[in-house]
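Just so it is clear, none of the values below were taken in a lab; they were calculated from the coordinates. Predicted model, so just to flag it, every value in this text is computed and none were measured. FYI the Cβ positions are ideal-geometry reconstructions off the backbone, even for glycines, and counts take in every protein chain you see.
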Amino acid sequence: MKILDKYIIRSFFAPYIISFLIAEFILIMQFMWKYIDDFAGRGLSLFDFMKLLLYYGATVIPMAVPITILISSVMVYGNLGEKYELSSMKTAGISLIRIFFPGLIVAVFTFGFSIFVSNYLKPKAAYNFLETFTSLKRKKPTLNIQEKVFNKEFDGFTIQVNKKDKDGRRIEGVKIYNVNDRTSENYNVLTARNGEIFTTDDGRYFIMRLYDGNQYIERKNSSLKRSSENTFPLIRYSFDTLEKAFDLTLFYNDNSGNFFSKRRDVMNSIQLMEEIDTFRNKIIAEKTFLRPNFTSILDTRIKQEIKEDRSMMRPHNISDFQRAEMKRTYSNTYDQYINRELKAYSSFSETIDSSRRYELLEMSAENVSYQKNMISNSISNIDRYKEYKNYWELGLHQQYSWALICIVFLFIGAPLGSIIRKGVMEFLSWLQ
């Protein structure tokens, strides 16, 4: 490696690190702005929050490195142009492509780094992020209940608590609105003076143990039916103690937390290719199964009967040559007989016995209906398998497309930096 190459590569160090940190910061901030409501009120410690950000930051590295190459190449070659070093190199007879070659080495290194992250670091970081976030939701569901805030975490219910003790268990002024029965326009409200909230030992249920409360059920349209003796426009009952259980299965199944709803984010290239091969084989198997169904079952039965009749007429104890001659003679005679007989009919239906005509038509209709359903199901399966295969192929291509963009961005940023002639020195002075 020549001195020029070492000089330009060494010039990439500071801009590369600064650009990478800027790109990571922007992507992480975008994540926080979008999902800050999902984190708020969960009682996360600073350590848990930083761990989640660390895991998420690792998953966006493949998206950050192309921006890193673009910004750093603009800064490096802009700095060279600002110091008139590019002009000196051109005067010395060095071509622009040769000057860009050290930057290409950095871009190729970044290409390999992006592939490594996409196949090893990103899947593990995404999995750890999902596991950490889901475990926090499982272990600390009581932290979702905040004072004087309507909580809608539990499907079909809205919960409000006026006061919550520091122990996170005792509560006061509870209101629970049941919004499951909206279609019949019912009002279902449960109130309690105080109570307790906790999670069962197995973590499957969230329990609200309420004391000294009432439940009100009112039918909004019940006034139209007051003439009936069996109508109850308002139902109210009181209780001393009531336990309300909420199933936490919803939290268990929500592994994505609305962040990584796609399985391909936790898979590497080998696993993605295995999924692609799986659905490709399913498509081939479905097409293989579909192909024989275009042949009528009735026609298959007729051919089988003719084959059985010919095998019964096959003579024994003769040579292969004699058997071939008899088969050819029999076939020709059979064909001549069929052609001669068919000339006596004006339509195909006349060749069928009138007593069996309805039976054969019904059999044919059933066969056509069966074949139609089989073909429709096979075609729909093939279309669905193709969508799945395209889904996994997109994930595989994304891993390598983000890496390839690093090289493309070098040939965008380097000429742009040499034109604008603004480099890293001015940027660092601006930071100071």
Vicinal HN-Hα couplings computed from phi for segment 390-396 (Karplus, 6.51 cos²θ - 1.76 cosθ + 1.60; Hz; Gly/Pro x): 5, 4, 6, 5, 4, x, 5
Per-residue ³J(HN,Hα) for segment 397-410, Karplus 6.51 cos²θ - 1.76 cosθ + 1.60, θ = phi - 60°, Hz, x for Gly and Pro: 5, 5, 4, 8, 6, 4, 5, 5, 4, 4, 5, 5, 5, 5
Pairwise FRET efficiency - Thr288 versus Leu416, Cβ, R0 = 60 Å, nearest 0.05: 0.65
Peptides 61-67, 4-10, 401-407 ordered by average Cβ neighbours within 10 Å, highest first: 61-67, 401-407, 4-10
Violating pairs (Cα-Cα greater than 26 angstrom) within the set Lys287/Lys389; Lys122/Lys152; Lys34/Lys152; Lys6/Lys122: Lys122/Lys152; Lys6/Lys122
